[in-house]
1. Across the stretch 16-31, which residue is nearest to E81 (Cα to Cα) among those that are surrounded by 19 or more Cβ atoms within 10 Å (Cβ to Cβ) and of a type in the set (D, E, K, R)?
2. In the stretch 146-161, what residues are closer than 21 Å to Y130 by Cβ and not aliphatic (A, V, I, L, M)?
3. Looking only at residues in the stretch 180-196 that are of a type in the set (A, V, I, L, M, F, W, C) and part of a loop (DSSP other than H, G, I, E, B), which one is surrounded by the most Cβ atoms within 10 Å (Cβ to Cβ)?
4. Looking only at the stretch 32-64, which residues are farther than 30 Å from Q2 by Cβ and surrounded by fewer than 12 Cβ atoms within 10 Å (Cβ to Cβ)?
5. Restricting the first residue to the stretch 245-260 and requiring it to be of a type in the set (V, I, T) and part of a helix (DSSP H, G or I), which pairs with a second residue that is modelled with pLDDT under 95 and exposed (fewer than 15 other Cβ atoms within 10 Å of the Cβ) meet a Cβ separation below 9 Å and a spacing of at least six or different chains?
6. Would you please name the residue that is farthest from C10 (Cα to Cα), looking only at residues in the stretch 113-142 that are surrounded by 15 or more Cβ atoms within 10 Å (Cβ to Cβ) and among the hydrophobic types (A, V, I, L, M, F, W, C)?
7. Across the stretch 121-159, what is the number of residues that are in contact with a Leu (Cβ under 6 Å, 6 or more places away or on another chain) and closer than 24 Å to Y94 by Cα?
8. Hey, can you tell me all the residues within the stretch 190-237 that are closer than 30 Å to E171 by Cα and among the acidic types (D, E)?
Amino acid sequence: MQLSLDRDLCFLDCETTGGDVVKDRIIQICVIKYPKDKSAPIEKTYLVNPTIAIKADAAAIHGFTNDMLMDKPTFKMIAVELFEFLQDADLAGYNSNRFDIPLLIEEFARVGLNLDMQGRRLIDVMQIFYKMEPRTLKAAFKFYCGQDLTDAHDATADTKATADVFFGQLEKYQNVDYTDQDGNVNPAPIKADSMQSIHEFVNDHTRVDFTARFIRNNQGEIVFNFGNNKGEAAYKHPNVLRWMLDRDFPLQVKNIAKSILNGQLK
């Protein structure tokens, strides 16, 4: 489909050292510019030496290591060229408003450049997906059961609808393999005869508590997932754990902190 543009449109995506838009760094960025004059798209891809360590969980997703990037330019070395390429273009991406664009603003700021958002249009493709294909119970009931949910937000109706949606999912996906973003195949995880299989499929087993204040790293250690000690083994910071006991954290989180302090968890 031919775009009608009054300003260049740049799609972008970043691979990074981690998920913190302030502290983490770009290690790869691709920008594809669709010029407003309808000429051919222009693509630029950079590999970047982040000058800080790539976190293990990030490396497990994108596969980059610091050794692979040692001889690549730093962000400062590509910043002016990239800044000029973006100019006053509108920016687009997938989850870009929450991650890629804020991260890019921080990277430019560190080298003295202001990626001004004033007047730019921001097109987050993920938000189009979420808004046009809503993830509500009503939408799920329509999709899996082919019916309209007329009594939404009544607890009885919602509970019955949720069960019906689940049965619809069992029927739709019972012989369907799941392939994750890394190409790993989980053979038919939705099984009517195995709640354990479904449990393992839908839950993030790195989480130690429901709010994910604590998670397990690749070594199986319980680490903090917030604050200044994010990513660090919790048992190594008893003062932080004791501080958490006196603050407004969920009871489950406090109980985990107590168990770590008492040596029952690690």
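The values are calculated or read from the model by the stated rules, or taken from the named source; none is laboratory data. It should be emphasised that the depicted structure is a prediction, and the values quoted were computed from it without experimental measurement. Please note: Cβ atoms are built from the backbone with ideal geometry, for glycine as well, and neighbour counts cover all protein chains shown.
1. R25
2. The first filter runs over the stretch 146-161 and keeps only residues closer than 21 Å to Y130 by Cβ, leaving 148-149, 152-153, 158, 161.
Residues satisfying the conditions are D148, H153, D158.
3. Filtering first and then ranking leaves I190.
4. A60, G63, listed by residue number.
5. V253/F210; V253/T211; I260/K266
6. Taking the candidates together, the pick is F141.
7. Residues flagged as in contact with a Leu (Cβ under 6 Å, 6 or more places away or on another chain) and closer than 24 Å to Y94 by Cα within the stretch 121-159 amount to 1.
8. Here is the first cut: in the stretch 190-237, the ones closer than 30 Å to E171 by Cα are 190-207, 210.
The answer is D193, E200, D204.
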